[in-house]
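Reviewing the structure listed below.
The values are calculated or read from the model by the stated rules, or taken from the named source; none is laboratory data. All of these numbers come straight from a predicted model, not from anything done at the bench. Methodologically, a virtual Cβ is constructed for each residue, glycine included, from the backbone with ideal geometry; neighbour enumeration extends over all protein chains shown. Each accessible area value is taken on the protein alone, full model and side chains, heavy atoms only, with ligands, DNA and RNA left out. Shrake-Rupley method; radii C 1.70, N 1.55, O 1.52, S 1.80 Å.
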Amino acid sequence: MPMVVENNAPLQPHNTLHIVARAQTLVRVSCEADLAAVLADPVLARSPKFVLGGGSNVVLTGDVKALVLKVEIAGRRLVDDTPKAWIVEAGAGENWHDIVTWTLAQGWPGLENLALIPGTMGGAPVQNIGAYGVELQDRFESLDAFDLHSGRSFTLDAGQCGFGYRDSVFKHAAGVSGMGMAGRAVITRVRLRLPKPWKPELGYLDLQRRRAEVGVPHPTALQIYDWVCDIRRAKLPDPSRIGNVGSFFKNPTVTPEQCADIIARDPGIVHYPMPDGSFKLAAGWMIDACGWKGKSIGQAGVYEKQALVLVNRGGGETGATGGEVMTLAKAIQTSVYERFGILLEPEPVVV
């Protein structure tokens, strides 16, 4: 099959904020051969590249001049079944939540806390997605990627991915260390390690509350999956109906001294102790405390049920622009900084 190339391609269907924008040129990547064909084309090979998965972590502030590589690699399989783990592999274009649902249906638990996170399998390691006490790095085995500079495929383990809080080598350009992979690597397949014996992860307050409410002291993985889906649906808008990219800002981490200082001024601030002695602060609580919940700038707004989520209040051609979203984000950052002395860091990639 020859690679599919689209000119002046609409990107509104390919970003969960539903922002109207176009790609000068878009290539649909269904296999590694498509990436090799891009490098073999004298015009496409010279173009700057922008890798796009499910578009659930991107803010488009205008038309994209770079060559858009729309990753649509499919496939899912059990690679290995050992006494210690199930090793599962999926193509980078597979829907993340569908993979979570599929693994549970096969009797391979371990991803239930990460249910209903929007995006694709290939986007999961880039962001090191996490929710309800579990991060991707906790279930990661390895990934395959394609090097847009050399034209070669390569494999990375967890250590080589440089995972951090909502971070990885795929979010950074190559620096002095040469480790950055942004704009260079296209993830093609991801393998996950689901440990045996399965242990429920119930440390998160929302899950503890739900367990107490329903009176189930020892829930199954499927019950936890259902709880996570219910909790997320109650807090977060469905991107198919209300444009959003989930949590817009990272929860900031501060020293014990900084935390004590903020608590002295704002005793109600939600904070969590971290294993290294630092404290994570709830960005949504701070945004809400600054009075932003439900407010808007143009068609970009702060979701009424969760201040950490910015939404597109419009639809079609009359929806929010990327500029409106970023103007709102910067206004929120200023408010939070002026009150708490903390600069919130956006999670999505701004293009």
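Filter segment 317-332 for residues that are out of contact with any strand residue (DSSP E or B) (no Cβ under 7 Å at 6 or more places or on another chain) and touching a residue at least 60 places away in the same chain (Cβ under 8 Å); which is nearest to PRO10 (Cα to Cα)?
The extreme case among them is GLU317.
Among (1) modelled with pLDDT of 95 or more; (2) in contact with a helix residue (DSSP H, G or I) (Cβ under 9 Å, 6 or more places away or on another chain); (3) among the basic types (Lys, Arg), which single condition is LYS84 missing?
LYS84 satisfies every listed condition except (2).
Is one or more of the residues making up segment 139-149 at pLDDT 95 or above, under 22 Å from ASP276 (Cα atoms) and in contact with a helix residue (DSSP H, G or I) (Cβ under 6 Å, 6 or more places away or on another chain)?
yes
Mind telling me which of the residues ASP226, ASP206 ends up being open to solvent by less than 60 Å² (accessible area, probe 1.4 Å) and either acidic (Asp, Glu) or assigned to a helix (DSSP H, G or I) (or both)?
From the options ASP226, ASP206, the qualifying one is ASP206.
Is it the case that segment 148-162 has a residue that's hydrophobic (A, V, I, L, M, F, W, C), open to solvent by 20 Å² or more (accessible area, probe 1.4 Å) and over 25 Å from GLY75 (Cβ atoms)?
There is no residue in segment 148-162 that is hydrophobic (A, V, I, L, M, F, W, C), open to solvent by 20 Å² or more (accessible area, probe 1.4 Å) and over 25 Å from GLY75 (Cβ atoms).
For (1) open to solvent by less than 20 Å² (accessible area, probe 1.4 Å); (2) closer than 22 Å to VAL245 by Cβ, each residue gets a yes or a no:
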{"site": "ARG77", "(1), (2)": "no, no"}
{"site": "PRO83", "(1), (2)": "no, no"}
{"site": "TRP86", "(1), (2)": "no, no"}
{"site": "GLY91", "(1), (2)": "yes, no"}
{"site": "VAL100", "(1), (2)": "yes, yes"}
{"site": "THR103", "(1), (2)": "yes, no"}
{"site": "GLY107", "(1), (2)": "no, no"}
{"site": "LEU114", "(1), (2)": "yes, yes"}
{"site": "PRO125", "(1), (2)": "yes, yes"}
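State which residue pairs qualify: first residue under 13 Å from VAL5 (Cβ atoms) and part of a strand (DSSP E or B) and inside segment 19-47, second residue open to solvent by 10 Å² or more (accessible area, probe 1.4 Å) and of a type in the set (Ser, Thr, Tyr) in any location, beta carbons under 9 Å apart, and separation of 6 or more residues or different chains.
Filtered contacts from segment 19-47: GLN24/SER47; THR25/SER47.
Would you confirm whether any residue within segment 168-190 is open to solvent by less than 30 Å² (accessible area, probe 1.4 Å), at pLDDT 95 or above, of a type outside the set (A, V, I, L, M) and part of a strand (DSSP E or B)?
Taking every residue of segment 168-190 in turn, at least one turns out to be open to solvent by less than 30 Å² (accessible area, probe 1.4 Å), at pLDDT 95 or above, of a type outside the set (A, V, I, L, M) and part of a strand (DSSP E or B).
Can you name the number of the only condition in (1) within 22 Å of VAL169 (Cα to Cα); (2) outside any loop (DSSP other than H, G, I, E, B) that LEU104 fails?
So LEU104 meets the others, but not (1).
Here are some residues: THR321, THR253. Which one is open to solvent by 50 Å² or more (accessible area, probe 1.4 Å) and touching a Ser or Thr at 6+ places or on another chain (Cβ under 6 Å)?
Step by step, each of THR321, THR253 is checked, and only THR253 is open to solvent by 50 Å² or more (accessible area, probe 1.4 Å) and touching a Ser or Thr at 6+ places or on another chain (Cβ under 6 Å).
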